[in-house]
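Asks: Dropping the structure in here first, questions after.
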Amino acid sequence: MTPFVLFVNLNGFYVGSLGLNGEQPAIIHRNKRVLDLNAAASSRGLERSAGLPEAKAMFGREGMYVEWEEDAYLADRNDWLDVVTQFADVIEPVDQHQCFVDLSAHPDPGDVAEQIQAALKAQTGLEACIGMASCRWIAQVESFGFGLPLCSLPVSYFPITEELATRLVGLGCTKIGDVRQFPLEQLRRQFGKDAFLIHQAANGQGDSAVKALYPLNSISDRFLFDGIADTREVLENGVVFLAKKVGRRLTDEGVFSKSLHVWLEDEDGSVSFHERTFGKPIGAPASLNFALNLLLSELCHPISCIRIRLPDLAPKKRTQRTLIGMTAEGAKDESAQNALGQLRTKFGNDSILLANQVAVERYVRVRQAWRAVNGWSWK
């Protein structure tokens, strides 16, 4: 599978969250640098990442200077990230206004990236600058919108420290393309263990791993059908695969959820969302398979992809069964309990009885007592 990394940068997130879009220049600052600014400040030449002293020198008492506080933006951060979760499963926030998204599993990642951008605009009213590449650092550079070949950009855009970039400039490498002329062995003599990273970046490569860090306490996965799932049998094959794969993760991690979110992608690319909350926990392949089939029981149109998410995971209660280990309570007999529940629902509560609830005829009980006392059967 070819890696496909999307970088999302939501411009104006902080001033928009605080509603500072008036005519007064407003600056959000963090660590004495400009983190965000409104149009009134931007129109007069101030740029993001400028120093706070520079901003104060430019606007003086006319400006509004707000120090960044994490808690003030958490709710709005979650709101825009929730929009992204409608399209992707692997999301790694790197700041409250930025995230990486892994779209490698999508059949058409470019189209999904455009849908994310449009959905964020509709939800927040803000422009989302996006960049797409096979690795993280290039995706981030592409979001800047330079429209220039990578080799023509300064080496300061490399995913390396400022000190290493300065040393590259000292060697005559002012642009990324200049570094390509140096063989790896020569770079090793100059940069030691950092040489491979520099060589890799110069050739348009780098780290492509995106961590699934949002939403918290959730498990997500997808099944892409080979063609279209236009029969119940084909759909159930995808359901069984997801139930086994995700259910094993639930069992291994000792967690459960009572909610199930499902996205179904149609042949034309449209997506429908379904969700349901269950009275009993979903914490194993059997219970997840039952929940999926129940949720999709009325599905009657062909689909090409099914995505599921189990949110709000909670740890299973654990009880000590032996002196040498712990076993998740109910994990082993959960499938049996589900089956019994379905039988009782259909045939009534008295259809299934415990062994001590079964009536035994008197002559059988007499023979059992005789055998217990005398040690031989009734003759």
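The values are calculated or read from the model by the stated rules, or taken from the named source; none is laboratory data. Small disclaimer: the values here were computed from a predicted structure and weren't measured. Cβ: placed from backbone, ideal geometry, glycine included. Neighbour counts: every protein chain shown.
Asks: Given the criterion closer than 30 Å to Leu313 by Cα, surrounded by 14 or more Cβ atoms within 10 Å (Cβ to Cβ), of a type in the set (Gly, Ala, Ser) and touching a residue at least 12 places away in the same chain (Cβ under 8 Å), identify the matching residue among Gly177, Gly206, Gly247.
Replies: Every option except Gly247 fails the conditions.
Asks: Which residue is nearest to Phe144 (Cα to Cα), if the candidates are limited to the stretch 14-61 and must be at pLDDT 95 or above and either outside the structural domain of Thr124 (by TED's automatic domain parsing) or of a type in the set (Asp, Glu) (or both)?
Replies: Asp36
Asks: From the list Phe144, Phe100, exactly one residue is free of Cβ contacts under 8 Å to residues at least 60 places away in the same chain and closer than 25 Å to Val34 by Cα. Which is it?
Replies: It is Phe144.
Asks: Now, a different point. Taking the options Ala212, Ala139, name whichever one is surrounded by 18 or more Cβ atoms within 10 Å (Cβ to Cβ) and either in contact (Cβ under 8 Å) with a residue 60 or more places away in the chain or under 27 Å from Leu264 (Cα atoms) (or both).
Replies: That would be Ala139, the only listed residue that is surrounded by 18 or more Cβ atoms within 10 Å (Cβ to Cβ) and either in contact (Cβ under 8 Å) with a residue 60 or more places away in the chain or under 27 Å from Leu264 (Cα atoms) (or both).
Asks: Among what's in the stretch 219-239 and is touching a residue at least 12 places away in the same chain (Cβ under 8 Å) and among the β-branched types (Val, Ile, Thr), pick the residue that is nearest to Ser104 (Cα to Cα).
Replies: Ile219
Asks: Cβ-Cβ under 6 Å, sequence separation 6+ or interchain: first residue in the stretch 8-36 and at positive phi, partner surrounded by fewer than 20 Cβ atoms within 10 Å (Cβ to Cβ). Which pairs?
Replies: Gly12/Leu126; Lys32/Leu52
Asks: Filter the stretch 254-312 down to the residues that are assigned to a loop (DSSP other than H, G, I, E, B), within 22 Å of Asp82 (Cα to Cα) and without any contact (Cβ under 8 Å) to a residue 60 or more places away in the chain and list them by number. I'd like the intermediate steps shown before the answer.
Replies: Within the stretch 254-312, the first condition is being assigned to a loop (DSSP other than H, G, I, E, B), and the residues that meet it are 254, 266-270, 283-284, 296-302, 311-312.
Okay, now just the ones that are also within 22 Å of Asp82 (Cα to Cα), so 266, 269-270, 311-312.
Residues satisfying the conditions are Asp266, Ser270.
Asks: Among the numbered criteria (1) charged (D, E, K, R); (2) surrounded by 18 or more Cβ atoms within 10 Å (Cβ to Cβ); (3) under 19 Å from Arg307 (Cβ atoms), which one does Glu114 miss?
Replies: In the conditions (1) charged (D, E, K, R); (2) surrounded by 18 or more Cβ atoms within 10 Å (Cβ to Cβ); (3) under 19 Å from Arg307 (Cβ atoms), Glu114 misses (2) alone.
Asks: Do we have any residue at all in the stretch 258-277 that's in contact with a helix residue (DSSP H, G or I) (Cβ under 9 Å, 6 or more places away or on another chain), among the aromatic types (Phe, Trp, Tyr), surrounded by 15 or more Cβ atoms within 10 Å (Cβ to Cβ) and not assigned by TED's automatic domain parsing to the domain that holds Val83?
Replies: no
Asks: Scan the stretch 21-61 for residues that are within 19 Å of Leu126 (Cα to Cα) and in contact with a His (Cβ under 7 Å, 6 or more places away or on another chain) and report the count.
Replies: Counting residues in the stretch 21-61 that are within 19 Å of Leu126 (Cα to Cα) and in contact with a His (Cβ under 7 Å, 6 or more places away or on another chain) gives 1.
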